[in-house]
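In what follows, a structure is listed as structure tokens, so that the remarks can point back to it.
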Amino acid sequence: MTKGKQLREVIARRGLARVMAAHSPLSARLAEEAGFDGIWASGFELSALYGLPDVSLISMTQHLDMTRAMAAQISLPIIADIDTGFGNAINVIHAVKEYERAGAAAVVIEDKSFPKVTSLVEGGRQDLVPVKEFQGKISAAIDSRTSSDFLIIARTEALIAGLGEAEALARASAYEEAGADMILVHSKQDTPVEIESFVRNWQGKIPIVIVPTSYPEMTEQRALALGKIQVLIYGNHAIRASTQAMQEAFANIIHHGGAHEVGKNIASVKEVFRLQKMDQVKENERRYL
């Protein structure tokens, strides 16, 4: 079964796929163990991992390599966040072929201009490309995939850019016309009201994807009740959780002048060995060395 078909089957069975962001094979494995249905190969999280702002500084090669590394270590479908597609429609053609070959289930392409600025930053530049240009990107993506199981998700940033619901709906409709399999609509409002209004007024036939980072009151039950949302992405919780955990552990060591107080609050070395599958190494050593 392809990863795209696996994602579709989760949606058919549960009505909603719960997808967690990851920035490494380790974080992806932890998300899989926790029970999520898929992985969001997050550009924001990978940028943060490199200590860089999310403004198109991470290259396609860097993101693709991490996506491939995650795919090799987990069984979950991966939705790759490829921002603007790394350029124009020609770049998108190359990207789609590479991400499909790398084992991703889907790519998300957004309608911002390149280079982009991360969506949730206060006062950030949020310029969108013309509708016709982005339709060309979506059409190029559709024509470039080798299997229809590989999903092309068109992301509109019209609400993020302050252009209003009518523009967001018009763009989403145009992207559906270009062949997109799903529409991701993004919002930075601190309540779900804006997204809920968009979803209720969406008359298209393809499903909606949301990323309720700034409006966490949008629970899975609330999303399901709208009847049109099929994927809910927790977009940056992995990097935020790991950042706070490291900050607290490092501060504890400095405060106490050693690691004697921090051990009970962090994972054991044995647990890390388990996640690294060291038991398989030991078994192979017994068999072959």
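Here are the numbers for the structure shown:
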{"quantity": "Crossing angle, helix 237-256 versus the chain [Cα axis fit, 0-90 degrees, rounded to tens]", "calculated": "30"}
{"quantity": "The chain - share of DSSP beta bridges that are antiparallel (%, nearest 5)", "calculated": "5"}
{"quantity": "Candidate residues Leu289, Leu224: accessible-area rank, largest first, probe 1.4 Å", "calculated": "Leu289, Leu224"}
{"quantity": "Fraction of beta bridges assigned by DSSP in the stretch 1-128 that are antiparallel (%, nearest 5)", "calculated": "10"}
{"quantity": "Surface accessible to a 1.4 Å probe, Thr219 within the full protein complex, Å²", "calculated": "70"}
{"quantity": "Förster-model FRET efficiency, 22 Å R0, Met278 and Tyr50, C-beta, rounded to 0.05", "calculated": "0.20"}
{"quantity": "Per-residue SASA entry for Glu33, accessible area with 1.4 Å probe, Å² rounded to 10", "calculated": "100"}
{"quantity": "Between helix 165-177 and the chain: long-axis angle, C-alpha atoms, 0 to 90°, nearest 10", "calculated": "90"}
{"quantity": "Residue-by-residue Karplus 3J(HN,Hα) for the stretch 24-36, coefficients 6.51, -1.76, 1.60, Hz, glycine and proline x", "calculated": "6, x, 5, 5, 5, 5, 5, 5, 5, 5, 6, x, 6"}
{"quantity": "Interchain or long-range residues, amide H under 5 Å from Ile78's placed H", "calculated": "Ile39, Ala105, Ala106"}
{"quantity": "Computed Rg/Rh of the stretch 92-247, alpha carbon atoms with Kirkwood Rh", "calculated": "0.96"}
{"quantity": "Portion, in percent, of the accessible area of the stretch 112-190 that falls on carbon or sulfur, probe 1.4 Å", "calculated": "49"}
{"quantity": "Between helix 60-73 and the chain: long-axis angle, C-alpha atoms, 0 to 90°, nearest 10", "calculated": "60"}
{"quantity": "Modelled FRET efficiency - R0 35 Å, Ser148 with Thr61, Cβ distances, 0.05 increments", "calculated": "0.85"}
{"quantity": "Per residue accessible area of the chain, 1.4 Å probe, in Å²", "calculated": "48"}
{"quantity": "Sulfur and carbon atoms: percent of accessible area, the stretch 28-84 [1.4 Å]", "calculated": "59"}
{"quantity": "Under 24 Å from Lys137, Cα to Cα: lysines that are on another chain or at least 8 residues apart", "calculated": "Lys3, Lys5, Lys97, Lys112, Lys116, Lys205"}
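The values are calculated or read from the model by the stated rules, or taken from the named source; none is laboratory data. All of these numbers come straight from a predicted model, not from anything done at the bench. Glycine gets a Cβ as well: all are built from the backbone with ideal geometry, and neighbour counts include every protein chain shown. When the accessible area is computed, the model is the full protein with side chains, heavy atoms only, and any ligands, DNA or RNA have been set aside. Shrake-Rupley method; radii C 1.70, N 1.55, O 1.52, S 1.80 Å.
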